[in-house]
Amino acid sequence: MTLGPSSDDAVEAGWQKVRADGRVRPELLDAAYAEPGLRQLFPWTGMGELHFSRCTEQRWTWDIPYIQPAADGHYWVSGPLRSQAVGPAETVSQAIAMVVERLPVGCGPAFLGTSDELAVHEAMQERFDG
């Protein structure tokens, strides 16, 4: 019996894809990947921003802040929603720390599937645990 890809495999492939597409500053990718709490999440990009999802397939989750480039090599942390701002960060380390501080409780590793499938999984877990 052959098993399909694991969540870890899908997340690692996501990191490789984000690195290869060149839309995010390499130092940001290196720092985010070095942080265990973020490395276990699925990364995706948009407009030079680095986003993190609790699931591996689209539609990704929008419950984690994201990092966008700012002038002079600085960063801006927003989210989790586009209408929410966390604030500026002078260094990549500050930006990473701002995201990690705001990770949802029990966040990660990424769920293999969509956000809808993750919601069903979490509801079932809550039923069994509660």
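Which whole-number percent gives the relative contact order of the chain, counting Cα pairs below 8 Å spaced six or more residues apart?
Over the chain, the number comes to 24 percent.
Based on the Cβ-Cβ distance from D9 to A97, what FRET efficiency comes out when R0 is 35 Å, to the nearest 0.05?
The computed FRET efficiency comes out at 0.80.
If I compute solvent accessible area with a 1.4 Å probe over the protein chains, what percent of it on the chain is carbon and sulfur?
53
Can you tally the net charge around A97? Count Lys and Arg as +1, Asp and Glu as -1, for every other residue whose Cβ sits under 14 Å from the Cβ of A97.
-2
Given R₀ = 25 Å, FRET efficiency for M47-R127 by Cβ-Cβ distance, to 0.05?
Rounded to the nearest 0.05, the efficiency is 0.05.
Go ahead and run the numbers for FRET between D72 and Q16, Cβ-Cβ distance against an R0 of 25 Å, rounding to 0.05.
Step by step, r from the Cβ atoms, then E = 0.30.
Apply the Karplus parameterisation 6.51 cos²θ - 1.76 cosθ + 1.60, with θ equal to phi minus 60°, to every residue of the range 20-31 and state each ³J(HN,Hα) to the nearest whole Hz, in sequence, with x for glycine and proline.
6, 6, x, 7, 10, 3, x, 5, 5, 4, 4, 5
Tell me the per residue accessible area of the chain using a 1.4 Å probe; a whole number in Å² is fine.
Each residue of the chain exposes 58 Å² on average to a 1.4 Å probe.
Taking the structure as given and computing semi-axes √(5λ) of the Cα gyration tensor in Å, which label from [x] 26, 17, 12; [y] 35, 17, 15; [z] 20, 18, 15 fits?
[x]
The values are calculated or read from the model by the stated rules, or taken from the named source; none is laboratory data. Since this is a predicted model, take the numbers as computed values, not measurements. Glycine gets a Cβ as well: all are built from the backbone with ideal geometry, and neighbour counts include every protein chain shown. Quick note on the areas: whole protein, heavy atoms, side chains included, nothing else; ligands and nucleic acids left out. Shrake-Rupley method; radii C 1.70, N 1.55, O 1.52, S 1.80 Å.
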